[in-house]
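See below for the structure under consideration.
The values are calculated or read from the model by the stated rules, or taken from the named source; none is laboratory data. What you see is a predicted model, and the numbers here were worked out from it, not measured in a lab. When we count neighbours, we look across all protein chains shown, and the Cβ atoms used for this are built from the backbone with ideal geometry, even at glycine.
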Amino acid sequence: MKIKLQKVSLISIFLVAYLLLGYDRGQARETKEQLQTNPRGYPEDFAKTYTVDCMVEAQIHLPIEDAEKICDCTMKRFQLLYSYEEYQKLSSEEQQDVGLYCSDKVLDSE
């Protein structure tokens, strides 16, 4: 149990740091056509770019399988809960909540 708590703490630190730095790194704004094909307003390449960036950081602290699951979970959860505009305005606490939810979900399923 103690090991699991330490693992969750490392994951939490990673996710908070990643989310605090912010994900939006100058991505092109959506065109009207993109907004029609993606009603939540996320750029077409959001999932790919987010997952790649997340994996680079997550693999430092986690086995690749856990990193993939957590990064995929956070990306999908942001898209499910928030429009792209809302996502960009999330507080660090709101971002951390998503990261912690996914960390718990992935690590508790092991």
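Some points to look at:
- Filter result for residue 100 (modelled with pLDDT under 90 and assigned to a helix (DSSP H, G or I)): no
- Count of residues meeting criterion [surrounded by fewer than 16 Cβ atoms within 10 Å (Cβ to Cβ) and of a type in the set (Gly, Ala, Ser)] in region 101-110: 1
Table: residues versus (1) of a type in the set (Asp, Glu); (2) free of Cβ contacts under 8 Å to residues at least 40 places away in the same chain; (3) surrounded by fewer than 20 Cβ atoms within 10 Å (Cβ to Cβ).
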position	(1), (2), (3)
61	no, no, yes
68	yes, yes, yes
71	no, yes, no
75	no, yes, no
85	yes, no, yes
92	no, no, yes
95	no, no, no
99	no, no, no
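- Condition broken by residue 54, with the remaining ones in (1) crowded, with 20+ Cβ neighbours inside 10 Å; (2) not aliphatic (A, V, I, L, M); (3) not in a helix (DSSP H, G or I) satisfied: (3)
- Counting the residues of region 61-89 that are outside any helix (DSSP H, G or I) and among the charged types (D, E, K, R) gives 1.
- Scanning region 60-110 for residues that are of a type in the set (Lys, Arg), touching a helix residue (DSSP H, G or I) at 6+ places or on another chain (Cβ under 7 Å) and under 18 Å from residue 42 (Cα atoms) turns up just one, 77.
- The one condition from (1) at pLDDT 55 or above; (2) touching a Leu at 6+ places or on another chain (Cβ under 7 Å) that residue 55 does not meet is (2).
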